[in-house]
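Down below is the structure, laid out as structure tokens.
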Amino acid sequence: MSAQSEFKRLLDIMKKLRSPQGCPWDRAQTHASIRDNMVEEVYEAVEANDSQNDVALQEELGDLALHIVFHAQIATESGKYTIEDVLKGINNKLIRRHPHVFADQQVENAEQVLSMWEDIKKKEREDKPQVFKETFGSLPKAMPALIYAQEIQKRAKDLGFDWSCDDDVLQKLNEEIKETAGAPTEEERTLEFGDVLFTLTNLANRWGISLEEALRRSSQKFCARFNAMEELARKRALNFKMLSLEEKDSLWREIKTENYSKIKY
């Protein structure tokens, strides 16, 4: 079957599931009730992509397609918009944001494409003041906090609001760390710690680092080394939980040697 016929089949299935003759659970759902399910599916797709598992990614992309159709069907029933409106919107946006492909604008490399893309997005925001009244108005607040912070600082930099050099940022980082250490209450310490992370975000942007990717890789590295440490204790018939901190630290240092350098992160 063609992609068009399979997509039509998916639409028909969802319409049937939401009908009086369909599934009671599917009929009961709203945009809000399936929100967390959609977020979970996105992360499952990202995990499949990161693991380079093509079979899993194919399945997860199908689950994401289901949520697109699910939301569109709910909206159709309430007369808000249809799947055709959704598709028309994204098609028009792609054409509008690729004038070097669908019009006569010239670009020489990917960097120019990204710069042009941001300029077009900015123009779109300016053309819709009733929707995007502020610089950060179009950023979803439900974005992962690290990505949200990076996008905020990118937009601020585009408007000329940024430190002049790396040393200024590092000085600010030291100030924020001291303020965090000296915060008298849990609430103030939380806010100051957030300032530390926000300052680190600026450095990440300057150095071309994805905060999300950097922290994820460090977390994966820690988990891999910790698992190896537990396995080493098991092979030596040691009760890992009952070991002293010094004994655990000794195992940790051991798994960081050349003998364990091939641990996959």
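The values are calculated or read from the model by the stated rules, or taken from the named source; none is laboratory data. Just so we're clear, the structure is a prediction, and the values are computed from it rather than from any experiment. All Cβ positions, even for glycine, are placed from backbone atoms using ideal geometry, and neighbour counts span all protein chains on display. What goes into the accessible areas is simple: the full protein's heavy atoms, side chains included, and nothing from ligands, DNA or RNA. Shrake-Rupley method; radii C 1.70, N 1.55, O 1.52, S 1.80 Å.
Per-structure values
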{"quantity": "Complete set of residues in the stretch 102-115 that are assigned to a helix (DSSP H, G or I) and either modelled with pLDDT under 90 or touching a strand residue (DSSP E or B) at 6+ places or on another chain (Cβ under 6 Å) (or both)", "calculated": "110, 111, 112, 113, 114, 115"}
{"quantity": "Some residue of the stretch 91-100 being of a type outside the set (Gly, Ala, Ser), more than 29 Å from residue 17 (Cβ to Cβ) and over 26 Å from the mean Cα position of the chain (by Cα)", "calculated": "yes"}
{"quantity": "Any pair with Cβ under 8 angstrom, 6 or more apart, that starts in the stretch 10-23 at a residue that is at pLDDT 95 or above and part of a loop (DSSP other than H, G, I, E, B) and ends at one that is of a type in the set (A, V, I, L, M, F, W, C) and surrounded by 13 or more Cβ atoms within 10 Å (Cβ to Cβ)", "calculated": "18/74; 23/17"}
{"quantity": "The stretch 83-122, subset touching a helix residue (DSSP H, G or I) at 6+ places or on another chain (Cβ under 6 Å) and open to solvent by 40 Å² or more (accessible area, probe 1.4 Å), residue farthest from residue 158 (Cα to Cα)", "calculated": "86"}
{"quantity": "Residues being aliphatic (A, V, I, L, M) and in contact with a Lys or Arg (Cβ under 8 Å, 6 or more places away or on another chain) - total across the stretch 3-60", "calculated": "1"}
{"quantity": "Test: residue in the stretch 156-163 that is over 30 Å from residue 39 (Cβ atoms), in contact with a Leu (Cβ under 6 Å, 6 or more places away or on another chain) and either among the aliphatic types (A, V, I, L, M) or not in a helix (DSSP H, G or I) (or both)", "calculated": "no"}
{"quantity": "Hits in the stretch 192-216 - residues which are open to solvent by 70 Å² or more (accessible area, probe 1.4 Å) and either touching a strand residue (DSSP E or B) at 6+ places or on another chain (Cβ under 8 Å) or part of a helix (DSSP H, G or I) (or both)", "calculated": "193, 197, 198, 213, 215, 216"}
{"quantity": "In the stretch 176-191, the residues that are farther than 21 Å from residue 146 by Cβ and either surrounded by 15 or more Cβ atoms within 10 Å (Cβ to Cβ) or not polar (S, T, N, Q) (or both)", "calculated": "178, 181, 182, 183, 184, 186, 187, 188"}
